[in-house]
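The values are calculated or read from the model by the stated rules, or taken from the named source; none is laboratory data. Note that this is a predicted model, so its numbers are computed, not measured. Glycine gets a Cβ as well: all are built from the backbone with ideal geometry, and neighbour counts include every protein chain shown.
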Amino acid sequence: MIYASEYPKELCLYVRENKELFESLKGQKIAITGAAGLIGSYIIDLIIVANEELGTGIEVLAIDRNRELLNSRFPEKYTCVRHYAIDVNEAELPKERVDYVIHAASNTSPIDYATKPIDTMKTNFIGTDRMINFCMENGAKRFVFCSSVEAYGVNNGDVDEFCEDYSGYVNCNTVRAGYPSAKRASEALCNAYCSQLGLDFVTARIGRIYGPTVIEGDTKAPTQFINNAVNGEDIVMKSNGMQEFSYGYVGDCATAMLLIMKKGVCGEAYNIADPNSRVLLRDFAESSASAGNAKVVFCAPTETEAKGYSKVTKAVMNTDKLVSLGWSAKYNVKAGVERTVKYLKEIKGV
């Protein structure tokens, strides 16, 4: 668990407000890939607190290729969390009964998209295939695939918001296409297993998520803005900032993930983002600057950075389907960014 003084209180609040959801998972065992990442680690933090607050006795198989990060995030005192420092593309997976599988492992950094396109595609397709088989061989009730808003491709200009049945254009003849194309292929793979072998699954199409559990080295623009703010540096914009996106605080994303895991309809996809956090990239930058008493400046990207950046200018998600399950977001961009900057400043001692 990250060590910011107010963070445990935030977790307790989420657990108490979602008491019925956590109690419905009592005694269950959940395997989570990408367990040390932004979203996976927050879900595990929530489970730890639910076990302490509600006595739910939920077990976690935390799967991540970064052993050092796993050990630092979830030390041995958290006995409900067992570490598996393995690469889901290659290493032998554990063989034991599980109730749910959340496949959240993925390269999600633009620099990785440009410099490690093979790894990006393999984790999202080969890794997904292996985790589906792990799910079915170990008797899991449901597989949760973490997809992305990028699976929608480019908005063709015919809709204002992406609903789950929309599909835009992806130019496959670019290095950058590896990420959205692999997400699309992985979604299709889940459907294939469902049709042919009876896999029970749901897909989480996740918007632009930010929060204090972000890992070092994440080069996504929102993370860079927040890190600049934490360090008291100028917020560096490498575009005109007129891209319009849907954002979401990591805690809201984590509860949405667990909700669709329990209540989602088999085979369905669910958009995950805060409906009140539909903002321009430059406005997100301004919120970050305000939280860190910094200012926004503009700078051209390097050639490598440009290769990794999305060319999408509008990716707004309709979340009515998720909201219909009883979910609501807790923190809008302003509040979420302020919390994130505050926590990270405390953690870094700045």
Quiz prompt | Residue that is farthest from the chain's Cα centre (by Cα) [pool: residues in the range 326-350 that are among the hydrophobic types (A, V, I, L, M, F, W, C) and surrounded by fewer than 18 Cβ atoms within 10 Å (Cβ to Cβ)] | solution = V350
Practice problem: Please list, ordered by first then second residue, the pairs with beta carbon atoms under 7 Å, 6 or more apart or interchain, first in the range 315-344 and closer than 19 Å to Q243 by Cβ, second among the aliphatic types (A, V, I, L, M) and part of a helix (DSSP H, G or I). | Solution: A315/V149; M317/V149; V337/I226; V337/A291
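Table: residues versus (1) assigned to a helix (DSSP H, G or I); (2) closer than 28 Å to R130 by Cβ.
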residue: A4; (1), (2): no, no
residue: K9; (1), (2): yes, no
residue: C12; (1), (2): yes, no
residue: F22; (1), (2): yes, no
residue: L25; (1), (2): no, yes
residue: I32; (1), (2): no, yes
residue: A35; (1), (2): no, yes
residue: G40; (1), (2): yes, yes
residue: D45; (1), (2): yes, yes
Exercise. Check L69 against each of (1) aliphatic (A, V, I, L, M); (2) at pLDDT 95 or above; (3) within 18 Å of the chain's Cα centre (by Cα) and name the one condition it does not meet.
Key: (2)
Quiz prompt | Boolean, E338 is among the acidic types (D, E) and not in a helix (DSSP H, G or I) | solution = no
Quiz item: In the range 189-229, what count of residues is obtained for those that are more than 20 Å from Y42 (Cα to Cα) and at pLDDT below 95?
Solution: 4
Exercise. Sort out for me the strands (runs of 3 or more DSSP E) sitting completely within the range 251-301 that have 2 or more residues that are modelled with pLDDT of 95 or more, touching a Ser or Thr at 6+ places or on another chain (Cβ under 8 Å) and buried (at least 23 other Cβ atoms within 10 Å of the Cβ).
Key: 269-272
Exercise. Check whether at least one residue in the range 230-245 is touching an Asp or Glu at 6+ places or on another chain (Cβ under 6 Å) and either farther than 15 Å from V323 by Cα or not aromatic (F, W, Y) (or both), and report yes or no.
Key: no
Quiz prompt | Selection from the range 166-190 of residues that are among the hydroxyl-bearing types (S, T, Y) and in contact with a Phe, Trp or Tyr (Cβ under 8 Å, 6 or more places away or on another chain) | solution = Y166, S167, Y179, S186
Exercise. Among the numbered conditions (1) in contact with a Gly (Cβ under 7 Å, 6 or more places away or on another chain); (2) assigned to a strand (DSSP E or B); (3) not small (G, A, S), tell me where T203 comes up short.
Key: (1)
Practice problem: May I ask you to list the residues in the range 88-125 that are touching a residue at least 40 places away in the same chain (Cβ under 8 Å), of a type in the set (D, E) and surrounded by fewer than 20 Cβ atoms within 10 Å (Cβ to Cβ)? | Solution: E96, D99
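For S41, indicate whether it is of a type outside the set (D, E, K, R), surrounded by fewer than 24 Cβ atoms within 10 Å (Cβ to Cβ) and in contact (Cβ under 8 Å) with a residue 60 or more places away in the chain. Outline the logic, then answer.
Working: of a type outside the set (D, E, K, R): yes; surrounded by fewer than 24 Cβ atoms within 10 Å (Cβ to Cβ): no; in contact (Cβ under 8 Å) with a residue 60 or more places away in the chain: yes.
Against the criterion (of a type outside the set (D, E, K, R), surrounded by fewer than 24 Cβ atoms within 10 Å (Cβ to Cβ) and in contact (Cβ under 8 Å) with a residue 60 or more places away in the chain), S41 does not qualify.
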Self-check item: Sole residue being within 18 Å of F143 (Cβ to Cβ) and out of contact with any Leu (no Cβ under 8 Å at 6 or more places or on another chain), chosen from E233, E164
Solution: E164
Quiz item: Can you find a residue in the range 144-158 that is part of a loop (DSSP other than H, G, I, E, B) and on the phi > 0 side of the Ramachandran plot?
Solution: yes
Exercise. Tell me which residues, restricted to the range 258-296, are among the β-branched types (V, I, T) and touching a strand residue (DSSP E or B) at 6+ places or on another chain (Cβ under 6 Å).
Key: I260, I272, V296
Quiz prompt | Residues (within 24 Å of S277 (Cβ to Cβ) and surrounded by fewer than 17 Cβ atoms within 10 Å (Cβ to Cβ)) located in the range 167-190 | solution = S167
